[in-house]
Amino acid sequence: MSDTLFKHLYLRSSIGYAAVSITDGTMLMANPALCGMLGYTETELKELRYQDIVYPDEGYTLDHGQMMNDIISSPDRAIDTEKRFLHKNGEMIWVALHLFLIIDEQTGRPSHLIAELTEHTPDRISFAVLGGTLPGNAASDREADALEMTGRRRMEEQLRESESRYKSLFEYNPSAISAMDLQGYIQSMNASLEQLTGYSRETLMHSSYCEIIEEDELEHVNMRFLAAAGGMAQTFDTRVIRHDGERVEVGMIYVPMLIDHEVVGVFAIISDITEPKRYLEQIEKLSYEHALILNSVSEGIFGMNLEGETVFINPAASVMLGYNPGELAGNIKLHTIAQTWMDGVLYPGGHRTLAELLKTNLSYEQEQEGIFWRQDGSSFLVKYRMTALYDNGEHKGAVVVFRDITEEKAVERAKDSAEKADRAKSEFLAIMSHELRTPMNGIIGMADLLSGTELTEEQQYYTQIIIKSGGALVHILNEVLDFSKIESGMMTLDLQPVDIRQVVQNVCELFYPRIQEKGLILRSDIERNVPAVVITDETRLRQVLVNLVGNAVKFTEEGEVGVCVKLEAAGEPGTLILRFSVTDTGIGIPQGSQNLLFQSFSQLDPSINRKYGGTGLGLAISKKLVELLDGAIGVNSVEGEGSEFYFTIGVMYSVEESGQALLGGVAAAQEYKGGIFNLDRPEGQYGPLSILVAEDHPVNQQILQTFLKKRGYTSDLAVNGEQAVEAVRSRHYDLVFMDIQMPGMDGIEATRLIREAMGLSPVIIAATAFARKEDEEMCLRAGMQDFIPKPIRGEELDRVLREWSGSIRR
């Protein structure tokens, strides 16, 4: 044990202790208790020799050599004896003395003696003399001294026990402990320091602490050591470099060693904290990453315990709930939420508190809609999920994730309102279409029938005006309905295989009477590399061509009109871009007015409109239809020289069939000129047919039956759906013309019952003023096989009779 450790350990003991030189008996150090016994300071004692303070009547001189021999030869290298010494004030002092030898750990040789001094009686002071023993010569005091020696022995055992405990605490402590002088050199250490650093005891002893501290940490550690040497204990973390170069994270405690209120050295207690620190760093990293995630998400997240207290909340939730983003979760009270978010009862009328709800283990894994309340009392709509929070199976609270859907709901309401408005508009237009077509059917039908009777020239003229005006009115009505459908986004495509040549031919045939009347030439040209069959919407393509060819014929007084189709480009495998152009030699369009052509209800010149007529919707509808077909439309025109309207559409085609079509396509070029084109329009009856007309309106009944009569057919009549079903069940009919809207049972229900009872016979033709594509599809789904719109035209009726009579005969 070093002097420093000894003095630090027994500094405050009531027993006198001294460290004594083994050579000349001078005292190396003395504790305060010994100084108190003799009346000297430690400095004064170090200047005195034994002969100066021994009691004169002792009558002998201490023999140091003999004393050392006695101690070394004793079993435990210790001597017990009694001595008399002089107090500084001249009084005699009796002491019980225990001497034991200290061995140097490095050399294995004696370094000094330790003297332990105990008073015999309360009125005596004991003193330790370094060196041999002096027997007492006062026989009268032997009995009392024996009792005093018993007490001294007990105190010696306590001291040895205390010393053993200290040694155990020092040597076997798992923390590395070293004692350093004020220059930082190690004077003593335990085995744990060797294990921590990997250095041997011989290497560490008398080395500086700086040699095992990482260089980057050295300045900080030096500052801490100086603070401890100045009397202030230090606790901090640093890094130690092991003998093998490994860095070890350590917790360091510097404790100053004090003697007489003076710092004489520094204790270092070092603990390996590498694993705890790494674990803590991992926790901090995870915590930081989790905080980044929680802080970056736009959804609000907060957690609560079973008492409804907020245990955490992310910035998004704080802002949405009206708190400061950095406000601590514990300061936020969300009591108002409890009254609305579960039961849906508006604040402040909730029936259950938040704590009650949480204790029911309620969880909403699917998003729920509710109302949350901000700090200021205002509310907002939310969608939220609530998940119960458990810790080792124990219910601790809940986590809530929510988002503000106030604006989303506003958009949904606006969208619903717009959709309702569109539906209302569509329903209105559908009803108006039906209501307008019903009287128009009577006007046009009767005028058509009237034109077939014997009329004067003037009457025939008036009749033709009625027919033309009615046709124009139906055309306007169709355009308004189409435009409304496109604007509302309800126009859909029906993609089917289409013969481009047949479509162009049908469009040209449609305008033959007008071409013949005006003495024009109508040319069509389809290039050889255009596939015979493509996939597109035939109805919409025909509608665009009819609009453009119709305008060309209308605005051309002499010359010709041409329709051309060519392959514009090839896209991805199986797709093509076709270019259609319609040219004329008509009045042309001024350059400054061409940008108005495709706008809704635009008319270039009122005087031209009065002369030629039109709603200004045809080209606007054509533009939207072309865009619906993945194309674009444009115009090239010079005023007074004619115009070219062109458009492109994207089509699909069969790769297997396209090779033959592209290589072996036949040039389709035809010319329609007044007087030389012969339309195949059969006359007379179409074979024996039994026909039932199901129609509730008297005018429509008369028109349809008259049309049929002029073609050689008589027909039965049913005024509602019930009569139609009963008639079909009681008699065989080949054809049934079925109105959709009839009192009682409508045409759709009647068709369903007929199909259930009779199968696919008879053929049922829908005859209705509902002329939209959706109406036609509805009729076909109900079991009807064809569709004829009102007002009924003679050519449309001929088509139905011609097509279905052949099927019925077969």
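In this structure, does residue 283 turn out to be outside the structural domain of residue 43 (by TED's automatic domain parsing) and part of a helix (DSSP H, G or I)?
Values: outside the structural domain of residue 43 (by TED's automatic domain parsing): yes; part of a helix (DSSP H, G or I): yes.
Yes, satisfied.
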Inset, instruction - Could you please give the count of residues in the stretch 776-810 that are out of contact with any Cys (no Cβ under 9 Å at 6 or more places or on another chain) and among the aromatic types (Phe, Trp, Tyr)? - result: 1
Legend entry - Of all residues making up the stretch 79-111, the number that are in a strand (DSSP E or B) and not basic (Lys, Arg): 20
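Starting from residues that are in a loop (DSSP other than H, G, I, E, B) and of a type outside the set (S, T, N, Q), keep the ones in the stretch 286-311 and report whichever is farthest from the chain's Cα centre (by Cα).
Quick first cut of the stretch 286-311, residues in a loop (DSSP other than H, G, I, E, B) only: 297-299, 306-309.
Among the residues that remain, those that are also of a type outside the set (S, T, N, Q) are: 297, 299, 306-309.
Details: 297: 7, 299: 9, 306: 28, 307: 30, 308: 27, 309: 27 Å.
Checked the stretch 286-311; the qualifying residue farthest from the chain's Cα centre (by Cα) is 307.
Could you pull out the residue among 220, 206 that is assigned by TED's automatic domain parsing to the domain that holds residue 254 and closer than 18 Å to residue 104 by Cα?
Working: 220 fails: closer than 18 Å to residue 104 by Cα.
Within the list 220, 206, the selection yields 206.
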Inset, instruction - Mind telling me which of the residues 561, 544 ends up being modelled with pLDDT of 90 or more and assigned by TED's automatic domain parsing to the domain that holds residue 647? - result: 561
Inset, instruction - Could you grab me the full set of residues in the stretch 221-241 that are assigned to a helix (DSSP H, G or I) and surrounded by fewer than 13 Cβ atoms within 10 Å (Cβ to Cβ)? - result: 223
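Which residue out of 528, 514 is over 13 Å from residue 650 (Cα atoms), part of a loop (DSSP other than H, G, I, E, B) and assigned by TED's automatic domain parsing to the domain that holds residue 618? Give the derivation first.
Details: 514 fails: part of a loop (DSSP other than H, G, I, E, B).
Unique residue meeting the criteria: 528.
Mind checking whether some residue in the stretch 438-448 is part of a helix (DSSP H, G or I), in contact with a Ser or Thr (Cβ under 7 Å, 6 or more places away or on another chain), crowded, with 18+ Cβ neighbours inside 10 Å and modelled with pLDDT of 75 or more? Steps first, please.
So in the stretch 438-448, the residues part of a helix (DSSP H, G or I) come out as 438-448.
Retained after the next criterion (residues that are in contact with a Ser or Thr (Cβ under 7 Å, 6 or more places away or on another chain)): 447.
Adding the requirement that they be crowded, with 18+ Cβ neighbours inside 10 Å leaves 447.
Subsequent filtering for residues that are modelled with pLDDT of 75 or more retains 447.
Yes, the stretch 438-448 has at least one match.
Return yes or no: is residue 587 in contact with a Ser or Thr (Cβ under 9 Å, 6 or more places away or on another chain) and not in a loop (DSSP other than H, G, I, E, B)?
Numbers: in contact with a Ser or Thr (Cβ under 9 Å, 6 or more places away or on another chain): yes; not in a loop (DSSP other than H, G, I, E, B): no.
Here the answer is no, as residue 587 does not meet what is asked.
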Inset, instruction - Return yes when residue 246 is under 48 Å from the mean Cα position of the chain (by Cα), loosely packed, with under 15 Cβ neighbours inside 10 Å and not assigned by TED's automatic domain parsing to the domain that holds residue 198 and no when it is not. - result: no
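Do you know which residues across the stretch 682-704 are among the charged types (D, E, K, R) and either in contact (Cβ under 8 Å) with a residue 40 or more places away in the chain or part of a helix (DSSP H, G or I) (or both)?
Let us first name the residues in the stretch 682-704 that are among the charged types (D, E, K, R), namely 683, 695-696.
If the condition is that a residue be among the charged types (D, E, K, R) and either in contact (Cβ under 8 Å) with a residue 40 or more places away in the chain or part of a helix (DSSP H, G or I) (or both), then 695, 696 are the ones that fit.
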Inset, instruction - Have a look at 789, 762 and point out the one that is modelled with pLDDT under 85 and either touching a strand residue (DSSP E or B) at 6+ places or on another chain (Cβ under 9 Å) or under 28 Å from residue 448 (Cα atoms) (or both). - result: 789
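Here are some residues: 737, 707. Which one is under 24 Å from residue 781 (Cα atoms), buried (at least 17 other Cβ atoms within 10 Å of the Cβ), touching a residue at least 40 places away in the same chain (Cβ under 8 Å) and among the aromatic types (Phe, Trp, Tyr)? Don't jump to the end; show me each part of the working.
Working: 707 fails: under 24 Å from residue 781 (Cα atoms).
Step by step, each of 737, 707 is checked, and only 737 is under 24 Å from residue 781 (Cα atoms), buried (at least 17 other Cβ atoms within 10 Å of the Cβ), touching a residue at least 40 places away in the same chain (Cβ under 8 Å) and among the aromatic types (Phe, Trp, Tyr).
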Legend entry - Odd one out for residue 798 among (1) among the acidic types (Asp, Glu); (2) under 18 Å from residue 716 (Cα atoms); (3) out of contact with any helix residue (DSSP H, G or I) (no Cβ under 7 Å at 6 or more places or on another chain): (2)
Inset, instruction - Assess whether residue 352 counts as being at pLDDT below 60 and among the charged types (D, E, K, R). - result: yes
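Let's see how each residue does on (1) within 60 Å of the chain's Cα centre (by Cα); (2) assigned to a helix (DSSP H, G or I); (3) at pLDDT below 90:
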| site | (1), (2), (3) |
| --- | --- |
| 728 | no, yes, yes |
| 732 | no, no, yes |
| 742 | yes, no, yes |
| 745 | yes, no, yes |
| 771 | yes, no, yes |
Inset, instruction - Say whether the condition of being modelled with pLDDT of 90 or more, among the small types (Gly, Ala, Ser) and either crowded, with 16+ Cβ neighbours inside 10 Å or more than 23 Å from residue 265 (Cβ to Cβ) (or both) is met by at least one residue in the stretch 187-204. - result: yes
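The values are calculated or read from the model by the stated rules, or taken from the named source; none is laboratory data. Note that the structure is predicted; figures quoted are calculated from it, not measured. In this analysis, Cβ positions are derived from the backbone assuming ideal geometry, glycine residues included, and neighbour counts consider all displayed protein chains.
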